[in-house]
1. Grab the DSSP H runs of the chain that are 4 residues or longer, score each as -39,500 (n - 2.57), total them, divide by all residues and round the 222 nm result to the nearest 500 deg cm²/dmol.
2. When the gyration tensor of the chain is built from Cα positions, what are the square roots of 5 times its three eigenvalues, in whole Å, from largest to smallest?
3. Hey, any idea what the orientation-averaged projected area of the convex hull of the stretch 176-230's Cα atoms comes to, in nm²?
4. Taking 25 °C and 0.890 mPa s as the conditions, I'd like the Stokes-Einstein D for the stretch 1-92 in µm²/s, using the Kirkwood hydrodynamic radius from alpha carbon pairs.
5. Give the percent of DSSP beta bridges with both residues in the chain that are antiparallel, rounded to the nearest 5.
6. Before anything else, pin down the relative contact order of the chain: Cα pairs under 8 Å, at least 6 apart, normalised by residue count, whole percent.
7. Report the full-extension gain for the segment SER69 to ARG253: residue separation times 0.36 nm, less the Cα-Cα distance, to one decimal in nm.
8. Direction-averaged shadow area of the convex hull around the Cα atoms of the stretch 1-157, nm²?
Amino acid sequence: MSTPLLQVEDLARTYRLPRERLRGPAPVVHALQGVSFTIEAGRSLGIVGESGSGKSTLARLVMALDRPSAGRVLMDGRDLHQLPAGELRQARRDFQMVFQDPYGSLDPRQTVERIVTEPLTAQGSIAGTERHRRAAEVLDSVGLRSSDLAKYPHEFSGGQRQRIAIARALVTRPRLIVADEPVSALDVSVQAQVLNLMQDLQAEFGVTYLLISHDLAVVHHLCDDVAVLREGRIVEQGPPERLFADAQHPYTRALVAAVPRAQPPAPSTPGLP
Ligand code: ADP
Ligand code: MG
C-alpha cells in the first residue's frame, strides 16, 4: 500500500498559561490530545468542532507553524517537525494554508500580484516575467482576471478576497491545502461558490484538503471523511452521510442538529411535470 499523503499520529499540544499566583503550578490547557488520522492523496478530510475545540491548533501543527507537545505529523512518511530548517523550507511548497479572514490575511498595502506570488518568493528568487506569468495563471484558476493583478485587496468583495487567498495557496502547486474556516466570514450564497471553486480545483489539480469548520454542512459539501473534534480529542469519524444519518456520539448529534434544514427543492421548470 502506498504511504498516505498526511499521517497525524497521537498529536498533543499543551499551552502553559501565565501563573495566577506567585507560587504554585502554572495552569495548562490541553488544546489537543491523542489526535490521529490519515489522508490519502487527492482526498479531503473535514475537521468539525465548536469554537475552542482545538481546530486551529491542529492546523498550525500540520502546517509546522507550531511544535507539538507530543506526537508526529508525517507528510509522505517524513516527520515535518524533525526536518532540518532547510528541508522544511523546501517541503513547505507542498503544503499551503487558507485562513478564515480573507482581509486580515491579505496585506492591504500589497498588490494582488505581490500577494499571490509571495509563497514563490519564500522558496527563492524568481524573475519578474515568470512571477507575472504564474500570478496571471493562478488568478485565472480561481476565476479572476489578470487585470486584477495590479489592484489592492480593498477593491474586492469578501468572496473575491478569499479567491485571492486560494490563488496564493495554489501558486506553489501544493499537494495539501489546510483551510481553517475558509468560508465562515462569507455570506451563505458566497460560501457555496467558494466551496464549489475548491471542489473544481481539486478535480483539476488533484490537491488534497484538510478542511476545518465549525459547520458540519460546510465540510459535508467538500469532504469524503469527517472527524469530529471535541475538547481536543476526536470523538467520532466517518463519511458525512453516515454522521448525518447515524451519529454515534451525542456531540456529533448536537452538531447535526445545528445544521439548518436543507433548502426546499427549487420549483420545477414551468411546463414540465
Ligand atoms: P478552535 O480553532 O477550535 O476554536 P483553538 O485551537 O484556537 O480552537 O484553541 C483550543 C484551545 O487552546 C482553547 O481553549 C484556546 O483558548 C487554547 N489556546 C489556543 N491557542 C493558545 C495559546 N497560544 N495560548 C494559550 N492557549 C491557547
Ligand atoms: Mg479556530
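The values are calculated or read from the model by the stated rules, or taken from the named source; none is laboratory data. Computed from a predicted model, the values in this text were never measured in an experiment. Cβ: placed from backbone, ideal geometry, glycine included. Neighbour counts: every protein chain shown. Surface areas here come from the heavy atoms of the whole protein model, side chains and all, with no ligands, DNA or RNA. Shrake-Rupley method; radii C 1.70, N 1.55, O 1.52, S 1.80 Å.
1. Numbers: 9 runs with 95 residues, N = 273.
Counting only the DSSP helices, I get -10500 deg cm²/dmol.
2. Details: eigenvalues 179, 153, 69 Å².
Sorted largest first and rounded, they come to 30, 28, 19 Å.
3. Numbers: hull surface 14.9 nm².
Spelled out: convex hull of the Cα atoms, projected over all directions, averaged, 3.7 nm².
4. On the way: Rh = 14.6 Å.
Stokes-Einstein gives a translational diffusion coefficient of 168 µm²/s.
5. Working: 20 of 38 bridges.
Antiparallel bridges: around 55 percent, rounded to the nearest 5.
6. Numbers: 487 pairs, mean separation 66.2, N = 273.
Reported as a whole number, the value is 24 percent.
7. Details: separation 184, 0.36 × 184 = 66.24 nm, distance 3.05 nm.
Stretched fully, the SER69-ARG253 segment lengthens by 63.2 nm.
8. On the way: hull surface 52.9 nm².
Averaging across all directions leaves 13.2 nm² for the Cα convex hull.
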